[in-house]
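The values are calculated or read from the model by the stated rules, or taken from the named source; none is laboratory data. Since we're looking at a predicted model, the values are computed, not measured. Note that each Cβ is placed from the backbone with ideal geometry, even for glycine, and that neighbours are counted across all protein chains shown.
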Amino acid sequence: MSNVTAALPRKVLTSDERDFLKQGNRLLLDKPNGRIGAAALMDLVADWGNHRGSLGFPDYARRWITEGHAKNKIADKMLRELFGLNEPTPRKAA
């Protein structure tokens with residue numbers, strides 16, 4: 001037996017996170033231009049899997065979206081709605 005450590009931390013989604021991704025993907029695909037949002041969601045999951053840090057998926061996803069890593073405005077808007085990050089407009093906030 002040898003003491004071998006992994007170069008990257010192992011990423012594991014919880015069952016709740018997997019269910020959220022399945023339902024979120026279905027929700028995005030049912031919307032107009034939903035394929036754009038679903039593709040951005042898969043980009044997010046792939047980036048999280050390749051991320052070297054030990055940040056959990058929900059925290060990484062929120063950070064990824066707020067930093068503007070979605071490829072276009074439609075995908076950004078859809079992901080913000082899905083993760084509850086959409087900011088209220090000034091009229092709604094008042």
Please work out which residue is nearest to Arg10 (Cα to Cα), limiting yourself to the range 62-74 and to residues that are without any contact (Cβ under 8 Å) to a residue 24 or more places away in the chain and buried (at least 17 other Cβ atoms within 10 Å of the Cβ). Trp64
Of the residues in the range 47-61, how many are assigned to a helix (DSSP H, G or I), without any contact (Cβ under 8 Å) to a residue 24 or more places away in the chain and either touching a strand residue (DSSP E or B) at 6+ places or on another chain (Cβ under 8 Å) or hydrophobic (A, V, I, L, M, F, W, C) (or both)? 1
Filter the range 10-30 down to the residues that are modelled with pLDDT of 90 or more and surrounded by fewer than 15 Cβ atoms within 10 Å (Cβ to Cβ) and list them by number. Ser15, Asp16, Arg18, Asp19, Lys22, Gln23, Arg26, Leu29, Asp30
